[in-house]
Amino acid sequence: MSESVVGAGGRLVHALEQQLVALERVAQVIAVARTSLPAARQSGFWRGQAHAHYVAAVDAAATHLELAERQLGTAATHTRRAIASLAGRVG
């Protein structure tokens, strides 16, 4: 392989490694946010329709955060595979 191809491959691996670190950081933030959600059903403050809307909002937030965690996990997995594939060709 030519030096320019190897250099470009090395830069790409480095960029993917940085992406992986960023994905892992965001995943940690999302995990903390999800585990920090209040127990919606145990809220003694809200009553009636306000309580129902509160519970629905907390449940929706939990659903969105869980989805974000799964998507970040998938992105991290694909990034690791790309790093391994490129590292095998470049290194």
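Between residue 55 and residue 74, the simple spin-label model (points 7 angstrom out along Cα→Cβ) gives 3.0 nm. Semi-axes of the equivalent ellipsoid for the chain, computed as √(5λ) from the eigenvalues of its C-alpha gyration tensor and ordered from largest down, come to 45, 9, 8 Å. With respect to the chain, whose longest principal axis is taken over its alpha-carbon atoms, helix 48-90 is tilted by about 10°. The C-alpha atoms of the chain define a longest principal axis, and helix 3-35 lies at about 10 degrees to it. Taking every protein chain into account, the accessible area of the chain amounts to 70 square angstrom per residue (probe 1.4 Å).
With all protein chains in place and a 1.4 Å probe, the accessible surface of the chain carries 60 percent carbon and sulfur.
So, with +1 on the Cβ of K and R and -1 on the Cβ of D and E, and no other charges, what is the size of the charge dipole of the chain about its Cα centre, to the nearest 20 debye? Don't skip to the end; give the middle numbers.
Details: 9 positive and 6 negative charges, 24 e Å.
For the chain, the charge dipole is close to 120 debye.
For the chain, what does -39500 (n - 2.57) per DSSP helix run (n ≥ 4), summed and divided by total residues, give at 222 nm, in deg cm²/dmol to the nearest 500? -31000 deg cm²/dmol, from helical runs alone.
Between 20, 65, 12, the Gaussian network model of the chain with springs among Cα atoms under 10 angstrom shows the greatest mean-square fluctuation at 12.
The values are calculated or read from the model by the stated rules, or taken from the named source; none is laboratory data. Computed from a predicted structure; not experimentally measured. Don't worry about glycine lacking a Cβ; one is built from the backbone with ideal geometry, like all the others, and counts go over all protein chains shown. Note: areas computed on protein heavy atoms with side chains; ligands, DNA, RNA excluded. Shrake-Rupley method; radii C 1.70, N 1.55, O 1.52, S 1.80 Å.
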